[in-house]
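A.B. asks: Handing you a structure now.
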Amino acid sequence: MVPQLTLQHHFLYDKGKLYNNSRYGKADEKMGMRINAQLPMPADLKAEYPLSDTVKKLKKRRDREIRDIFTGESDKFIVLVGPCSADNEDAVCEYVDRLARVNEEVSDKLMIIPRIYTNKPRTTGEGYKGMLHQPEPDQAPDLLAGIIAIRKMHIRAIQQSGLTAADEMLYPENRSYLDDILSYEAIGARSVENQQHRLTASGMDIPIGMKNPTSGDFSVMLNSVVAAQSSHTFIYREMDVTTDGNDLAHVILRGGVDKYGTCIPNYHYEDLMRLLEMYGQKGLKNPAAVIDANHSNSNKQYKEQIRIVSEVLHSRNYNPDLKKLIKGVMIESYLEEGCQSIDSERVYGKSITDPCLGWEDTRRLIYKIAENI
């Protein structure tokens, strides 16, 4: 029998290596797949790259503060802000250090959560998939080096800045390598209908934001929240697990795309009121929404994020019910504005995926948010 121990996120696991390579035997002879390497168990990686007691206490405090925002006990406003993808440890940590200095001035009103996104969804499966896959963006994938690189980067960012971060749960099984570090996770538009993502979200004890799908459908998004807030029994990392349900699961509006490929934003007042009504019909715990100011809401016109955030704040201030519902905004931002190709002579701190706001625009925008919430 496999010994079962309680893990902090309501899952069961064995701290040792459950199975050796012989379990997989001749998998490459049965399917078009080969095993490149045996990756370490999450518990082993955590033991090799542990969190200090100071960081553990910091995360516990930050998690409590963030929970209070989503449950309505705190009226602070969340600003999830950072690069489209975290492609360089030094640049990411410098960016987060700058955020920390701004945070010192606005922490009475805002909860700044850095976006340190280490997985990058790709519409066709082609292209740079994030630091988890490629610790060096212009080199071949190396997932073992990747899981080490992302853990070390997240830990360094916390130690230097005092800010715990957000990441995207692109692959449900991989989150176990970071589940003791993150204070917020998001499920992207292409994953939100996936059963394993929804069920895994139900076993988390931090806020999980479910984005509307690329079609923009609110019903699909809200059904994902229903699933994430419910208890489930399913297979997770080769174990039979039962989850408690996540009462902090909520929605993220990121705009949609119609059948003609035209971006349809969903941050306008009418969209927010429709969301408020639909939320009310579901009877969900802790109704909450975060508005993603980029992606299909901005048609990837990154400078539009400034205007979009301003409109969201205006709608929120106009209607008390929306003020309760809209808990924060998500902004894509980096040291340098715009984006660049991996093949170019790369500029330090400039996105190699979607274009981002530059630092000066970001700093001014954060101050503006603090003045207007």
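The values are calculated or read from the model by the stated rules, or taken from the named source; none is laboratory data. Model, not experiment: these values are computed from the prediction. FYI the Cβ positions are ideal-geometry reconstructions off the backbone, even for glycines, and counts take in every protein chain you see.
A.B. asks: Which of the residues that make up region 92-101 are over 17 Å from GLU336 (Cβ atoms) and either in contact (Cβ under 8 Å) with a residue 40 or more places away in the chain or surrounded by 24 or more Cβ atoms within 10 Å (Cβ to Cβ) (or both)? Talk me through it step by step, then tell me what you get.
C.D. replies: As a first pass, look at region 92-101 and keep what is over 17 Å from GLU336 (Cβ atoms): 100-101.
Within region 92-101, just ALA100 meets the criteria.
A.B. asks: Output the strands (runs of 3 or more DSSP E) that fall wholly within region 180-284 and possess 2 or more residues being buried (at least 23 other Cβ atoms within 10 Å of the Cβ), or say none. Talk me through it step by step, then tell me what you get.
C.D. replies: Details: elements: 184-187, 208-211, 233-236, 239-242, 250-253.
Hits in region 180-284: 184-187, 208-211, 250-253.
A.B. asks: Please indicate, with yes or no, whether at least one residue in region 129-138 is within 25 Å of VAL251 (Cβ to Cβ) and in contact with a strand residue (DSSP E or B) (Cβ under 8 Å, 6 or more places away or on another chain).
C.D. replies: Checking region 129-138: not a single residue is within 25 Å of VAL251 (Cβ to Cβ) and in contact with a strand residue (DSSP E or B) (Cβ under 8 Å, 6 or more places away or on another chain).
A.B. asks: Which of the residues belonging to region 29-47 are charged (D, E, K, R) and in contact (Cβ under 8 Å) with a residue 12 or more places away in the chain?
C.D. replies: So the first thing to find is which residues in region 29-47 are charged (D, E, K, R), and the list is 29-30, 34, 44, 46.
Selection gives ASP44, LYS46.
A.B. asks: In region 292-304, which residue that is assigned to a helix (DSSP H, G or I) and in contact (Cβ under 8 Å) with a residue 24 or more places away in the chain is farthest from PHE77 (Cα to Cα)?
C.D. replies: SER296
A.B. asks: Here is a further query. Which condition number in (1) at pLDDT 50 or above; (2) loosely packed, with under 13 Cβ neighbours inside 10 Å; (3) in a loop (DSSP other than H, G, I, E, B); (4) not charged (D, E, K, R) is the one that GLY16 fails?
C.D. replies: (1)
A.B. asks: Let me ask you something else. Scan region 319-345 for residues that are more than 21 Å from ARG254 (Cα to Cα) and either within 20 Å of the chain's Cα centre (by Cα) or modelled with pLDDT under 95 (or both) and jot them down.
C.D. replies: Listed by number, the residues that qualify are LEU335, SER341, ILE342, ASP343, SER344, GLU345.
A.B. asks: Then there's this: What residue, among those in region 137-162 that are farther than 18 Å from ILE112 by Cα and among the charged types (D, E, K, R), is nearest to the chain's Cα centre (by Cα)?
C.D. replies: Checked region 137-162; the qualifying residue nearest to the chain's Cα centre (by Cα) is ARG151.
A.B. asks: Ok, one more. Kindly establish whether PRO83 is closer than 18 Å to GLU185 by Cβ, in contact (Cβ under 8 Å) with a residue 40 or more places away in the chain, more than 18 Å from the chain's Cα centre (by Cα) and surrounded by 15 or more Cβ atoms within 10 Å (Cβ to Cβ).
C.D. replies: Here the answer is no, as PRO83 does not meet what is asked.
A.B. asks: Considering region 336-369 alone, what residues qualify as being part of a loop (DSSP other than H, G, I, E, B) and of a type in the set (Ser, Thr, Tyr)?
C.D. replies: Scanning region 336-369 gives SER341, SER344, TYR348, THR353.
A.B. asks: Can you tell me which of ILE113, ILE155, ILE148 is closer than 30 Å to GLU73 by Cβ, surrounded by fewer than 24 Cβ atoms within 10 Å (Cβ to Cβ) and touching a residue at least 60 places away in the same chain (Cβ under 8 Å)? Break it down stepwise before answering.
C.D. replies: Numbers: ILE113 fails: surrounded by fewer than 24 Cβ atoms within 10 Å (Cβ to Cβ); ILE148 fails: closer than 30 Å to GLU73 by Cβ.
From the options ILE113, ILE155, ILE148, the qualifying one is ILE155.
A.B. asks: From the residues in region 305-345 that are free of Cβ contacts under 8 Å to residues at least 24 places away in the same chain and buried (at least 16 other Cβ atoms within 10 Å of the Cβ), which one is farthest from PRO83 (Cα to Cα)?
C.D. replies: LYS323
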